[in-house]
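First the structure, in the form of structure tokens, and then the observations on it.
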Amino acid sequence: MGIPKRKEDQLFTYSDYMTWPDDERWELIDGEAYQMAPASTNHQRVLRRLLNKFENYLEGKSCEVFDNLGVRLPGEDEPDEYIKDALIPDIAVVCDPEKLDDAGCKGAPDLIIEILSPSTAAMDMKVKRFKYEIAGVKEYWIVDIPHKTVQIYKPGDNNKYGPPEVYTDEDKIKVGILEDLEIDMSLVFAGI
């Protein structure tokens, strides 16, 4: 699998990131910039179906769900302009409104879902998983469309992610951070 196109061979901060054209989608990981390719049709289908499940459940509740929300993961007491990790997960659920501002979310969302694409799979499964773990994301889903599987990582001992829970298109997933939400993956992967 490939990796996303990189921007030049230098390190950037969030202040650089904010000057780039709005019609281009980039992520910063350890100060390195990676361009995001457009999502496939099936990627969009799965994203929309998952997003709808979360939106319907969260209506009238304190948590909010977002697609393609800018997520800044600062180091300890790091001001925005020096942040070196600015990511755009497919779906994020944020339960602390203090983390939200016009630029997106500053700090760890409660739940993040990444839907694998050929160009981003390695980053999503290794690098981003580590970033989300360190930042304190309580639940990280990796959705693999061709295999119709979902891996869910949750913190265990020492707040480190344990082995993933693995689900298929035949399973119903109970969302760990949301008390009563269960998602039927056969409906999410239907027709794909």
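The values are calculated or read from the model by the stated rules, or taken from the named source; none is laboratory data. Because the structure is a prediction, the values reported are computed rather than measured. Using ideal geometry, Cβ is built from the backbone for each residue, glycine included, and neighbour counts are taken over all protein chains shown.
Which one is surrounded by the most Cβ atoms within 10 Å (Cβ to Cβ) among residues in region 94-110 that are farther than 12 Å from C63 by Cβ and charged (D, E, K, R)?
Among them, the one singled out is K106.
From I152, I142, I115, I91, grab the single residue that is in contact (Cβ under 8 Å) with a residue 60 or more places away in the chain, β-branched (V, I, T) and surrounded by 19 or more Cβ atoms within 10 Å (Cβ to Cβ).
Numbers: I152 fails: in contact (Cβ under 8 Å) with a residue 60 or more places away in the chain; I142 fails: in contact (Cβ under 8 Å) with a residue 60 or more places away in the chain; I91 fails: in contact (Cβ under 8 Å) with a residue 60 or more places away in the chain.
Testing whether each residue is in contact (Cβ under 8 Å) with a residue 60 or more places away in the chain, β-branched (V, I, T) and surrounded by 19 or more Cβ atoms within 10 Å (Cβ to Cβ) leaves just I115.
State all residues of region 121-137 that are under 12 Å from the mean Cα position of the chain (by Cα) and not in a helix (DSSP H, G or I); if no residue qualifies, say none.
Across region 121-137, the qualifying residue is only V137.
Restrict the check to region 43-57 and report whether at least one residue is within 19 Å of M123 (Cα to Cα), of a type in the set (F, W, Y) and surrounded by 14 or more Cβ atoms within 10 Å (Cβ to Cβ).
No, that holds for no residue.
From the list E27, E55, E64, exactly one residue is in contact (Cβ under 8 Å) with a residue 24 or more places away in the chain, closer than 16 Å to V175 by Cα and among the charged types (D, E, K, R). Which is it? Walk me through how you get there before you give the answer.
Details: E27 fails: closer than 16 Å to V175 by Cα; E55 fails: in contact (Cβ under 8 Å) with a residue 24 or more places away in the chain.
When all the criteria are applied, what remains is E64.
Just checking, does region 165-188 include any residue being in contact (Cβ under 8 Å) with a residue 24 or more places away in the chain, acidic (D, E) and closer than 17 Å to E55 by Cα? Even if it seems obvious, please write down each step before you answer.
Here is the first cut: in region 165-188, the residues in contact (Cβ under 8 Å) with a residue 24 or more places away in the chain are 175-178, 180-181, 183, 185, 187-188.
If we keep only those that are acidic (D, E) too, we end up with 180.
With closer than 17 Å to E55 by Cα added as a condition, the list becomes 180.
Scanning region 165-188 turns up at least one residue that is in contact (Cβ under 8 Å) with a residue 24 or more places away in the chain, acidic (D, E) and closer than 17 Å to E55 by Cα.
Would you mind stating whether A33 is out of contact with any Cys (no Cβ under 6 Å at 6 or more places or on another chain), small (G, A, S) and assigned to a loop (DSSP other than H, G, I, E, B)? Full working, then the answer.
Details: out of contact with any Cys (no Cβ under 6 Å at 6 or more places or on another chain): yes; small (G, A, S): yes; assigned to a loop (DSSP other than H, G, I, E, B): no.
Answer is no for this residue.
Quick check: anything in region 39-46 modelled with pLDDT of 90 or more, hydroxyl-bearing (S, T, Y), under 18 Å from I142 (Cβ atoms) and in a loop (DSSP other than H, G, I, E, B)?
Of region 39-46, the ones modelled with pLDDT of 90 or more are 39-46.
Filter once more, so that each one left must be hydroxyl-bearing (S, T, Y): 40-41.
Filter once more, keeping what is under 18 Å from I142 (Cβ atoms): 40.
In the following step, the residues that additionally are in a loop (DSSP other than H, G, I, E, B) were identified as 40.
Looking through region 39-46, at least one residue is modelled with pLDDT of 90 or more, hydroxyl-bearing (S, T, Y), under 18 Å from I142 (Cβ atoms) and in a loop (DSSP other than H, G, I, E, B).
If we keep just the residues of region 146-161 that are closer than 15 Å to G136 by Cβ and assigned to a loop (DSSP other than H, G, I, E, B), which is modelled with the lowest pLDDT? First the steps, then the outcome.
Quick first cut of region 146-161, residues closer than 15 Å to G136 by Cβ only: 153-161.
Next cut, assigned to a loop (DSSP other than H, G, I, E, B) only: 154, 156, 160.
Values: K154: 97, G156: 91, K160: 95.
Only one residue tops the list, namely G156.
Taking the conditions exactly as written (under 18 Å from the mean Cα position of the chain (by Cα), closer than 26 Å to I29 by Cβ, of a type in the set (A, V, I, L, M) and not in a loop (DSSP other than H, G, I, E, B)), does I183 satisfy them or not?
On the way: under 18 Å from the mean Cα position of the chain (by Cα): yes; closer than 26 Å to I29 by Cβ: no; of a type in the set (A, V, I, L, M): yes; not in a loop (DSSP other than H, G, I, E, B): yes.
So I183 fails the test.
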